[in-house]
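Everything below concerns the one structure shown next.
The values are calculated or read from the model by the stated rules, or taken from the named source; none is laboratory data. This structure is a prediction, so every number in the text was calculated from the model and none was measured. Please note: Cβ atoms are built from the backbone with ideal geometry, for glycine as well, and neighbour counts cover all protein chains shown. Remember, those area values only see protein heavy atoms, side chains included, never the ligands or the DNA or RNA. Shrake-Rupley method; radii C 1.70, N 1.55, O 1.52, S 1.80 Å.
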Amino acid sequence: LTGVLDDCLCDIESIDDFNTFKIFPKIQKLQERDYFRYYKVNLKRPCPFWADDGHCSIKDCHVEPCPESKIPVGIKAGSSNKYSKAANNSKELEDCEQANKLGAVNSTLSNQSKEAFIDWARYDDSQDHFCELDDERSPDAQYVDLLLNPERYTGYKGPSAWRVWNSIYEENCFKPRSVYRPLNPLAPSRGGDDGESFYTWLEGLCLEKRVFYKLISGLHASINMHLCANYLLEETWGKPRWGPNVKEFTRRFDPVETKGEGPRRLKNLYFLYLIELRALSKVAPYFERSVVDLYTGNGHEDAESKALLLDIFRDTKSFHMHFDEKSMFAGDKKGAKSLKEEFRLHFKNISRIMDCVGCDKCRLWGKLQTQGLGTALKILFSEKEIQSLPENSPSKGFQLTRQEIVALVNAFGRLSTSIKELQNFKVLLQQTR
């Protein structure tokens with residue numbers, strides 16, 4: 001992959017250098033901090049669009065929650081618990097007995113983490129929220145430690161997985177039924193078309209709808225990259241060995257094997273990276289205010305986390321080839337407003353489809369990355385509100401919940417990792433030739 005990306009004046013080589021030397025090391029470090037490693041998610045919401053036929057193709061793909069007896073009384077009662085200094089210094093995890101295998105979500109949390117969440121929630125409640133996330137207060141919502149549940153290959157594939165992506169593309173990307181995506185196994189045989197009719201249709205779309213498709217395609221490519229880079233290579237004596245699978249990467253992205261589709265998918269990954277990078281640079285003023293803390297109860301760690309986040313924001317602002325979102329929804333006011341609402345509803349629908357993913361670990365990361373992208377779009381469409389934020393008080397004009405902040409940073413961290421992994425695969429491919 002080389003050269004300039006479509007629909008923006010940015011070249012791939014500049015993104016590679018910027019990501020490798022500036023962003024990737026810092027975003028990795030940030031994701032390891034307590035504020036960003038715990039994500040609250042409801043993995044039990046039923047699929048709203050079809051009967052739940054999704055089953056992971058391997059055993060132990062379900063979540064084993066902590067037994068009732070292991071959960072502190074304070075959490076069950078919802079009463080106040082102070083986040084003590086002793087708890088801050090103690091890093092020992094009280095492990096729950098649970099499945100911790102290939103696709104299982106590890107829901108082990110230490111007691112001090114559980115106590116901290118009560119304080120975090122109270123802190124969040126004291127802010128003026130921009131919107132209420134329906135999952136937060138559900139009895140089925142649970143905190144997950146993202147570091148204990150890395151995104152990787154789980155064996156989830158076949159009709160159930162295909163149905164999810166097919167529903168996303170066919171029903172939510174502004175596409176008529178008569179136009180088939182390249183490499184779509186459901187498409188009728190069309191001889192030597194190789195998807196050219198699809199791209200002719202795509203180029204004929206307005207910028208906003210074309211961008212929407214590229215965002216979804218880029219997200220799909222990024223998720224596939226994670227699975228290729230963190231693949232189950234072998235399992236001996238019950239100990240799995242994870243690593244890059246060059247054969248799987250080639251199958252999904254090689255120009256010859258994918259009839260030219262692979263490189264287009266990877267370009268969309270870069271495009272998505274630019275969109276979320278732009279959102280980070282735009283939201284910086286929100287976090288630069290003294291009233292905004294990355295609150296965990298540990299003042300020293302909170303200050304360090306915020307300093308690292310602001311350092312990343314400075315880097316995002318220094319990148320000189322941002323995507324210019326001002327070119328979107330720039331037509332007549334009535335038409336632009338209608339198109340923006342259509343854009344929002346399509347994306348909201350995609351986030352609901354994530355509840356149809358049959359593998360819990362895939363569902364966890366699908367929901368997180370979708371929410372992260374949704375938060376990025378919310379930021380890009382709220383520039384005026386962000387610029388007019390008061391310095392010393394919460395604002396009703398624009399607000400981010402902790403959930404949105406955690407999703408935004410981790411979703412961008414996943415994209416940064418994807419681009420870094422692509423560099424690794426380039427080296428591996430050269431070595432195998």
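A few comments on the model shown:
- What the Cβ-Cβ distance of A303 and A336 gives, at R0 = 45 Å and to the nearest 0.05, is a FRET efficiency of 0.60.
- Each principal axis of region 211-275 carries a Cα extent, and these read 47, 26, 13 Å when sorted largest first.
- Taking chymotrypsin sites (Phe, Trp or Tyr not before Pro) across region 197-240, the ones in a DSSP loop with at most 13 further Cβ atoms lying within 10 angstrom of their Cβ are W237.
- Fraction of C-alpha pairs exceeding 29 angstrom in region 276-433: 30 percent, rounded to a whole number.
- In this simple spin-label approximation, W50 and E248 carry label points 7 Å from Cα along the Cα→Cβ vector, and these lie 2.4 nm apart.
- Residues with amide H under 5 Å from that of K40, placed H, sequence gap 5 or more: V144
- To put it simply, the accessible area of region 240-287 at a 1.4 Å probe is 52 percent carbon and sulfur.
- The phi-based Karplus calculation (6.51 cos²θ - 1.76 cosθ + 1.60; θ = phi - 60°) puts the 3J(HN,Hα) values of region 245-255 at 10, 5, 5, 5, 4, 4, 4, 8, 10, 4, x Hz, whole numbers, x for Gly and Pro.
- Cut-off under 5 Å, modelled amide H: who pairs with C10 long-range: L5
- With R₀ set to 51 Å, the beta-carbon distance separating E234 from Y199 gives a calculated FRET efficiency near 0.85.
- Inter-label distance for E257 and S14, nm, one decimal - labels placed 7 Å from Cα along Cα-to-Cβ: 3.2
- All other residues whose Cβ lies under 13 angstrom from that of E341 are scored, Lys and Arg at +1 and Asp and Glu at -1, for a net of +4.
- Stretchable slack from K26 to K317, in nm (0.36 nm times residue separation minus alpha-carbon distance): 103.3 nm
- In a DSSP loop and with at most 15 other Cβ atoms within 10 Å, the trypsin sites (Lys or Arg not before Pro) in region 262-349 are R289.
- Sparsely packed GluC sites (Glu not before Pro) within region 355-433, loop by DSSP, other Cβ within 10 Å at most 10: E391
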